[in-house]
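In what follows, a structure is listed as structure tokens, so that the remarks can point back to it.
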Amino acid sequence: METATHNEVSGGKRLTSAIAFLFLGVAVVATVGYTLHSVSADSQKKTYATVNGSASVDGKTLPHAFITESVFPDDATARANHVNRTNTHPWPFYTDEHLVLPAHSLITMTLRVYDGGEKLNHDYFAKVVGTVDNMMTVDGQQVSSLDPTEVQHTFTLHGLPTSTQDPLFVNVPLPKVQDADMEKNGSHLVVFSFVTGGAGEYVWNCEYPCGDGTYAKFGAVMGQNGYMSGKVSVVNG
């Protein structure tokens, strides 16, 4: 009788533990879902690519769209270049968070970049990937990669693998401005083109470790939308 009671108590404890674990799992999933929803929410206005004519890519004629933005090391450099944006933190930033691009189009993106840099965590992100011919121009010169120690930031566009939208991956390393040139408000002009597929939702981020000392310098600014990460919407029409 005592043994049966002991087994019943043990079974009750296991049942209680299982229910508690189940509720904990639900709470974790709900928290993650809420966090992802919050991160995906728009906090800044959308910046739209402008279609201007057409272009031939691999024998196909596509609408040709253009979009421009800048990367600044701080607010002072931005203001010196007539860009005013209210920032919460004194961090480097891209000027536009949410980019909207037309589907099935050639996108030419122009970046004016003003920041310094050090060394990438991984040499892969020093390569140009996913652009037309895997090339970009830096100050008018075509290049396919940079020295991994000469990168200020990267523009890395990607999405989660899914059967509901076309894959899209672009990585462009941005050349750093030397310290002496930064004092003179120096910059580089980077231009590259890539082709979009169907409509979908993607993200962009920087893969250069420009954050604080946490998470291998991927903390702080690296996890903040509107600074070193944001959204890309590919839309029809």
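The values are calculated or read from the model by the stated rules, or taken from the named source; none is laboratory data. Since this is a predicted model, take the numbers as computed values, not measurements. Virtual Cβ from ideal backbone geometry, glycine too; neighbours counted across all protein chains shown.
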field: Test result for Arg85, in a loop (DSSP other than H, G, I, E, B) and either among the charged types (D, E, K, R) or in contact with a Ser or Thr (Cβ under 6 Å, 6 or more places away or on another chain) (or both)
entry: yes
message: So Gly197 ticks every box in (1) modelled with pLDDT of 95 or more; (2) within 20 Å of Met136 (Cβ to Cβ) but one. Which box is left unticked?
response: (2)
message: Quick check on my filter: what residues within region 159-180 are out of contact with any strand residue (DSSP E or B) (no Cβ under 7 Å at 6 or more places or on another chain), farther than 19 Å from Glu201 by Cβ and without any contact (Cβ under 8 Å) to a residue 60 or more places away in the chain?
response: Ala180
- line: Scanning region 101-138 for residues that are of a type outside the set (A, V, I, L, M, F, W, C) and crowded, with 20+ Cβ neighbours inside 10 Å gives Pro102, Ser105, Tyr114, Asp115, Gly117, Thr131
- request: Can you tell me which residue within region 95-143, out of those that are among the hydroxyl-bearing types (Ser, Thr, Tyr) and in a loop (DSSP other than H, G, I, E, B), is farthest from the chain's Cα centre (by Cα)?
  value: Ser105
- request: Count, please, the residues in region 172-206 that happen to be surrounded by fewer than 16 Cβ atoms within 10 Å (Cβ to Cβ) and of a type in the set (S, T, N, Q).
  value: 2
